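Colleague: Pasting a structure below so you can have a look.
The values are calculated or read from the model by the stated rules, or taken from the named source; none is laboratory data. Quick caveat: nothing in here was measured; it's all calculated off a predicted structure. Cβ atoms come from the backbone with ideal geometry, glycine included; neighbour counts cover every protein chain shown.
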Amino acid sequence: MQNDIADIEYQLSSLSIKGLTNKRVDKHNNVEKPLLCLHGWLDNAASFLPLMPYLDNVLAIDWPGHGLSSHRSSDAHYHFVDYVYDLLALFDENSWPALDIVGHSMGGMIASVFAATFPEKVKSLTLIDSIGFITAEAETTTENLRQGLLSRLKLSNKQKHQQLKAKQQEQAQKSRKIKSHANLDSAIKARLSVSDLQYGDAKLLVERGTKQSEDGFYWCSDPRLMTKSPLRLSTSQAQQIISSIDIPVQLIYGDKGMDMVKLGIEQYKIHFKCFKSTMLSGGHHVHMEQPKATAALIAYFIDRIS
């Protein structure tokens, strides 16, 4: 297996999508028939580094606004469906055939919608501590819409206030100071405080998810990722999407992972046409904690359906 890790970049309209791969990149900066790995919210491509010694042809991307990929334009937001379009554009840009996809957390949700709407582009889907979607009941629609739009307005007003105090370049530096850490260890501990990650795994994510300035380390992720979603799928809509997935799906989840995944198994498993699940010892990032076991399950699943 290949252990050399290479950086890769794709240009999608105004977005620069960065990534990591352990497969040789051709002269056109392309990876032929990769195992496409999609990370979760506020993570980055480094989420899949622990898997790379055990799997060939891995290509892990940074979603827009995450890791080293560019942020969306100032007049845009991070709608869930826009990530699905990013994935479609990535396939179109590279003229990829149907691929095996691995999606962790939010990446699994995006991949699920993609597999349902573009089944000709997906051979198999492995979900890691992810099943179904974050839904909302119909009676909460108005309040969710209100809170989502208010969260955008709050961030916009905060940014306007900051811009009054300095020029754009100076303000960018000021923003970094607010969110900076004196050293990498401080940033790692901050990430550990809001997750069940182990130190070494958090270090991988933080190293790719921060940049260093003269004032310390600051987060690369777009602050707009923290705004609330104004619209969510209803339960019936989510079930309809899952029931439209025709390709084989496997779920790998941690026994100490997110409760919504365990609940989701009961809610969604009957709507898949071909579904299996395996529980491993670990938390939400079980693929980082148990990379060898996770990789073996992925490889066996893909080989069995090929």
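Colleague: Pick out, from region 248-306, the helices (runs of 4 or more DSSP H) lying fully within it that include 3 or more residues that are more than 16 Å from GLY103 (Cα to Cα) and not aliphatic (A, V, I, L, M). Spell out the reasoning first.
Modeller: Numbers: elements: 259-268, 286-289, 291-305.
Counting at least 3 such residues, we get 259-268, 291-305.
Colleague: Okay, moving on. Tally the residues that are loosely packed, with under 13 Cβ neighbours inside 10 Å and small (Gly, Ala, Ser), restricting the search to region 286-306.
Modeller: Final tally of qualifying residues: 1.
Colleague: Does ILE8 meet the test of being closer than 28 Å to ASP303 by Cβ, surrounded by fewer than 22 Cβ atoms within 10 Å (Cβ to Cβ), β-branched (Val, Ile, Thr) and in contact (Cβ under 8 Å) with a residue 40 or more places away in the chain?
Modeller: Details: closer than 28 Å to ASP303 by Cβ: yes; surrounded by fewer than 22 Cβ atoms within 10 Å (Cβ to Cβ): yes; β-branched (Val, Ile, Thr): yes; in contact (Cβ under 8 Å) with a residue 40 or more places away in the chain: yes.
It is true that ILE8 is closer than 28 Å to ASP303 by Cβ, surrounded by fewer than 22 Cβ atoms within 10 Å (Cβ to Cβ), β-branched (Val, Ile, Thr) and in contact (Cβ under 8 Å) with a residue 40 or more places away in the chain.
Colleague: Being surrounded by 15 or more Cβ atoms within 10 Å (Cβ to Cβ) and either at pLDDT 75 or above or of a type in the set (Ser, Thr, Tyr) (or both) is the filter here; which residues of region 156-197 pass it?
Modeller: Matches in region 156-197: SER175, SER180, HIS181, LEU184, ALA187, ILE188, ALA190, ARG191, LEU192, SER195, ASP196, LEU197.
Colleague: Which one of these does VAL31 not meet: (1) under 21 Å from ILE128 (Cβ atoms); (2) β-branched (Val, Ile, Thr); (3) assigned to a helix (DSSP H, G or I)?
Modeller: All conditions are met except number (3).
Colleague: Does region 99-121 include one or more residues that are within 19 Å of ASP7 (Cα to Cα) and polar (S, T, N, Q)?
Modeller: no
Colleague: Here's something else I'd like to know. Out of PHE133, PHE114, which single residue is in a helix (DSSP H, G or I), within 15 Å of VAL84 (Cβ to Cβ) and of a type outside the set (A, V, I, L, M)? Write out each step before concluding.
Modeller: Numbers: PHE133 fails: in a helix (DSSP H, G or I).
After ruling out the rest, the residue left standing is PHE114.
Colleague: Right, next: Would you be able to say whether some residue in region 65-81 is in a strand (DSSP E or B), surrounded by 17 or more Cβ atoms within 10 Å (Cβ to Cβ) and modelled with pLDDT of 95 or more? Even if it seems obvious, please write down each step before you answer.
Modeller: First, the residues of region 65-81 that are in a strand (DSSP E or B): none.
Among the residues of region 65-81, not one is in a strand (DSSP E or B), surrounded by 17 or more Cβ atoms within 10 Å (Cβ to Cβ) and modelled with pLDDT of 95 or more, which makes the answer no.
Colleague: A further question follows. If I go through region 259-291 residue by residue, how many of them are under 22 Å from SER195 (Cα atoms) and out of contact with any strand residue (DSSP E or B) (no Cβ under 8 Å at 6 or more places or on another chain)?
Modeller: 6
Colleague: Does ARG24 fit the bill of being under 30 Å from GLY148 (Cα atoms), of a type in the set (Lys, Arg) and not in a strand (DSSP E or B)? First the steps, then the outcome.
Modeller: Working: under 30 Å from GLY148 (Cα atoms): no; of a type in the set (Lys, Arg): yes; not in a strand (DSSP E or B): yes.
Taking the combined requirement at face value, the residue does not satisfy it.
Colleague: Can you name every residue in region 220-240 that is farther than 25 Å from ASP62 by Cβ and part of a helix (DSSP H, G or I)?
Modeller: THR235, SER236, GLN237, ALA238, GLN239, GLN240
Colleague: Would you please list the contacts, defined by Cβ atoms under 7 Å and residues six or more apart or on different chains, that run from a residue in region 98-122 that is not assigned by TED's automatic domain parsing to the domain that holds LEU49 and at pLDDT 95 or above to a residue that is crowded, with 24+ Cβ neighbours inside 10 Å and charged (D, E, K, R)?
Modeller: Sorted first by the residue in region 98-122, then by its partner, the list stays empty.
Colleague: Can you tell me which residue is farthest from VAL286 (Cα to Cα) among those in region 123-142 that are among the β-branched types (Val, Ile, Thr) and either in contact (Cβ under 8 Å) with a residue 40 or more places away in the chain or crowded, with 17+ Cβ neighbours inside 10 Å (or both)?
Modeller: Going residue by residue through region 123-142, those that are among the β-branched types (Val, Ile, Thr) are 126, 128, 131, 134-135, 140-142.
Adding the requirement that they be either in contact (Cβ under 8 Å) with a residue 40 or more places away in the chain or crowded, with 17+ Cβ neighbours inside 10 Å (or both) leaves 126, 128, 131, 134-135, 141.
Numbers: THR126: 13, ILE128: 8, ILE131: 14, ILE134: 20, THR135: 24, THR141: 33 Å.
Per the stated criteria, the residue is THR141.
Colleague: Which one is surrounded by the most Cβ atoms within 10 Å (Cβ to Cβ) among residues in region 228-285 that are in contact with a Lys or Arg (Cβ under 7 Å, 6 or more places away or on another chain) and more than 17 Å from LEU125 (Cα to Cα)?
Modeller: Applying the filter and picking the extreme gives GLY282.
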